[in-house]
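**Q** So that we are looking at the same thing, I have put the structure below in structure tokens.
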Amino acid sequence: MQFKKWLKRSLILIPVAIGIAAIVVVAPKMKKPPQKIEAVETATKVRVIKPLFQEVSPKALGYGTTSPTRSWDAVAEIAGRIEWVSEELKTGNIVPKGTELLTIDTSELKLALSQINAQLNISKVKSNTTKSSLAVEQRNRNSLKKEVVRQQLLKKKGILPASTLEATERNLIKADATIQNFKNSLLINEAEKKVLTVQLKQVEFDLSRTKIKAPFNIRIVSIAAYEARFANKGQVLFSADATDKTEVEARFPIGQLRPLIASKGASDFPGVLGLDAIIRLRTSTHTIEWKAKVERSAGQIDRQTQTTGVIVSVDDPYGKAQPGQRPPLVRNTFVEVELHGRPKGKQVIVPASAIHEGKVYILSDEDRLEIRKVKVAFSQGRYAVLSGGIKPNEKIIVSDLIPSIQNMLLKPIMDKKTRGMLMMEVSGKAPSPKEKKEADKSKDGKE
């Protein structure tokens, strides 16, 4: 029985063993090598532009508010009731130089003037009377003096008693005293007359100050005085601004003016003087510009903002106004001030956003990425002027390329919007909000 079981198992195991041996021998001969799969390089889409190559004037943008070069507070120089107010004295009115705007009551001053004139007339009468009396007394003294001389001769001859001579001499002394009193009276009267004359001039001067006139061409800003009200001495009746010139103190970050000043020759005006300036007012519908003059730089740097001030001015800001198109530059208008230096010849200009830590991404002739170092001469707003590193005919990448690997394959798309924005920035014409929005979309890759 056991032999039969063993024989039965052997009949099963022998074929299995033969099959395994066959697999071991034949399988290596039937095995195929793995297929080689070639890697396909994917090109990354990028937006590219050619840099600008043209003359560029260094510029700087600052901001400030307008103010008149001169302002005037009409102050009451005498106290009194306001007698008359001109129809021109209204807020916002432009008034020519010399226009009478307000009058203070003159009744008390005219009364004082009459009193002084009366006293002067009395003084004149007193002077005439005293002079007449003095002339009479001088003639009397001359007669007495002659009489004294005659009596002295008679006394020597023994004809005239001494008491008579002494009486005549006493009369002569009295005449001298009377004459001196008359002269003193004339001196005192003359001094009083001078005092009255000064008082007269003071009253006349006060009378002239009762009329308030425009000292120069002005625009009324505020009014605090009205007809029939009492004005105290020193009270501000109304305020006005001069219309001949407007100034703006624009603030600029420290260092922003360096390229502008450096663009001038050594023989030019020092500092910011001699730079070209434009005052710009932006509204919801359009932008208005005024050609301005750089007057001076501010005396100190602002401690909090670390900015320096430059004062520019516009002549005749009201005369240049056009209804509905160009408003006058009134006080406290917030404006933009643009300063320009001299053109620096043809320069390579790229968007500031295309510079990555001193490097620029270049599209090679084989449409591959070349990362290259560049030298930045100066930056102005959203563009940078390069002094080396790029040729004008090369293409730069303006997309945010992440990751950026040297020699990576690229698929370029010409970005006309970004280049158009760059041209507007360099030309000095700021883009509209719509153009800025389109440019921002273009930067995000939304064509």
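Each value in this text was obtained by applying a stated rule to the coordinates, not by laboratory testing. No experiment lies behind these values; they were computed from the predicted model shown. With ideal geometry, Cβ positions are generated from the backbone for all residues, glycine too; neighbour counts draw on all protein chains shown.
**Q** Can you give the local net charge around Ser123? Use residues other than it whose beta-carbon is closer than 11 angstrom to its beta-carbon, Lys and Arg +1, Asp and Glu -1. Before the final figure, lay out each step's value.
**A** Details: positive: Lys124, Lys126, Lys193, Lys194; negative: Glu190, Glu192.
For residues surrounding Ser123, the net value is +2.
**Q** What does the charge count near Ala242 come to, summing +1 for each Lys or Arg and -1 for each Asp or Glu among other residues with Cβ under 14 Å from its Cβ? Could the numbers behind the result be given before it?
**A** Details: positive: Arg70, Lys97, Arg219, Lys245, Arg331; negative: Asp73, Asp241, Asp244, Glu247, Asp315, Asp316.
Local charge sum for Ala242: -1.
**Q** Starting at the first residue of the stretch 160-174, write each ³J(HN,Hα) from the Karplus equation 6.51 cos²θ - 1.76 cosθ + 1.60 with θ = phi - 60°, in whole Hz, x for Gly and Pro.
**A** Going residue by residue, I get 10, x, 5, 5, 5, 4, 5, 5, 5, 5, 5, 5, 5, 5, 4 Hz, with x marking Gly and Pro.
**Q** Dipole of the stretch 107-208 (Lys/Arg Cβ +1, Asp/Glu Cβ -1, origin at the Cα centre): which of Thr164, Phe182, Thr197 lies farthest to the positive side?
**A** Thr164
**Q** Please order Ser143, Ser163, Ser399 by the number of other Cβ within 10 Å, starting at the fewest. Please report the intermediate quantities before stating the final value.
**A** On the way: Ser143 13, Ser163 8, Ser399 23.
With the sparsest Cβ surroundings first, the list reads Ser163, Ser143, Ser399.
**Q** To make sure I understand, if each residue's beta carbon is the centre and we count other beta carbons within 10 Å, what order do Trp290, Trp84 fall in, fewest to most?
**A** Working: Trp290 20, Trp84 14.
Least crowded to most crowded, the residues run Trp84, Trp290.
**Q** Note down the net charge around Gly358, summing +1 for each Lys or Arg and -1 for each Asp or Glu among other residues with Cβ under 12 Å from its Cβ.
**A** For residues surrounding Gly358, the net value is +3.
**Q** When only alpha-carbon atoms count, how far does the stretch 107-208 stretch along each of its three principal axes, as whole angstroms with the largest first?
**A** For the stretch 107-208, the Cα spread along each principal axis is 75, 15, 14 Å.
**Q** Among His286, His356, which comes first, second and so on when ranked by fewest other beta-carbon atoms within 10 Å?
**A** Numbers: His286 10, His356 13.
So the ranking, lowest neighbour count to highest, is His286, His356.
**Q** A follow-up question, please. What's the magnitude of the charge dipole for the stretch 107-208 around its Cα centre, counting Lys and Arg as +1 and Asp and Glu as -1 at the beta-carbon? Answer in Debye, nearest 20.
**A** 740
**Q** Something else: With r as the distance between the Cβ atoms of Met423 and Arg368 and R0 = 35 Å, compute the FRET efficiency 1/(1 + (r/R0)^6) and round to 0.05.
**A** Numbers: r = 28 Å, r/R0 = 0.79.
My answer for the efficiency is 0.80.
**Q** Using θ = phi - 60° and the Karplus relation 6.51 cos²θ - 1.76 cosθ + 1.60, list the HN-Hα couplings for the stretch 324-329 in order, rounded to whole Hz, with x at every Gly or Pro.
**A** Computed from phi, the couplings for the stretch 324-329 are x, 10, 10, x, x, 7 Hz.
**Q** Let me ask something else about it. Taking the Cα centroid of the stretch 307-324 and of the stretch 381-410, what is the distance between the two, rounded to the nearest whole Å?
**A** 41
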